[in-house]
Amino acid sequence: MRAALPRLHAITDERIARRSDLDAVARALSDGGGSDLAIHARGRALTGLEHYDLSFRLSVLPSQLFVNDRLDIALAVPSAGVQLSHGSLPVSAARALNPLWWIGKSVHDLAEAEAARTEGADYLVVGPVFATASHPGHTPMGLAGLEQIVAAAEALPVIAIGGISADRVREVRASGAYGVAAIRALWDDAEPEKAARRMRQWML
């Protein structure tokens, strides 16, 4: 029996993974987000050992750990789920490794969302909704684009990402998103525990 899918997702990148205060900030986010926080171990340029170390350090927190792309590492540490991108192994391969994982797929448009739903993903991470430094080459889809994907996803939970700040959580939720994901708005906040708690409360 797996726990409910968290509504708040804190995602790392290479810069965050290599920060000296990673453990302290992750603990603060976990304290603020509680059981409704998923922390994603992500970093496309990380070595396998770096990604494993990141995942292991995050796995000891009360929040749920999701590992992005690296299914081998997700098997090696206690993981609640995995997040797959366009170049990852298919959903069916992840399901065969652990049927209890939450298996998400990152999508950027309506066609990708429909393909991920057909493939059997449990949830979608959709974006960028707003302009973001993480994906400078992607045109934001805006709330209208998000609403289209929510409708196409049918019963699949949609996690909105891209330029998500605390003051945008309510409008994103009003557009049909199940939850939100963020990098800088959580990891770079001067008070990460309060940032996580504020985002979590505004999704209710």
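The values are calculated or read from the model by the stated rules, or taken from the named source; none is laboratory data. Source: prediction; values computed, not measured. These accessible areas exclude ligands, DNA and RNA; they are computed on the full protein's heavy atoms, side chains included. Shrake-Rupley method; radii C 1.70, N 1.55, O 1.52, S 1.80 Å.
Keeping the other protein chains in place, figure out the carbon and sulfur percent of the accessible area of the range 1-49, with a 1.4 Å probe.
Accessible surface attributable to carbon and sulfur in the range 1-49 totals 55 percent.
Could you state how much accessible area Phe130 has, in square angstrom rounded to the nearest 10, with a 1.4 Å probe and all protein chains kept in place?
Around 30 Å² of this residue is reachable by solvent.
How are the Cα pair distances of the range 116-175 distributed, in percent, across 10 Å bins from 0?
23, 53, 23, 1
Quick one: pull the percent of accessible area on the range 102-204 belonging to carbon and sulfur, 1.4 Å probe, ligands and nucleic acids left out.
About 51 percent, which is the carbon plus sulfur part of the accessible surface.
Give me the tail of P(r) for the range 67-181 as a percent: Cα-Cα pairs with distance above 21 Å.
Of all Cα-Cα pairs in the range 67-181, 36 percent lie more than 21 Å apart.
Sorted from largest down, what three extents in whole angstroms do the Cα atoms of the range 96-150 have along their principal axes?
Its Cα atoms span 35, 22, 14 Å along the three principal axes.
For Cα Rg over 2.2 N^0.38 Å, the listed values are (i) 0.93; (ii) 1.22; (iii) 1.07; which was obtained by calculation from the structure presented?
It is the value labelled (i).
In Å², and per residue, what accessible area does the range 98-204 have when probed at 1.4 Å with the other protein chains present?
Accessible area per residue: 45 Å².
Which helices, taking whole DSSP H runs in the chain, have alpha carbons extending 20 angstrom or more along the helix axis plus mean Kyte-Doolittle at least 0.5?
Taking the DSSP H segments of the chain (at least 20 Å long, mean hydropathy at least 0.5), we get none.
Could you state the per residue volume, in Å³, of the convex hull enclosing the Cα atoms of the range 3-73?
Hull volume normalised by residue count: 80 Å³.
Any idea of the accessible area per residue across the range 6-66, 1.4 Å probe, to the nearest Å²?
The answer is 39 Å² per residue.
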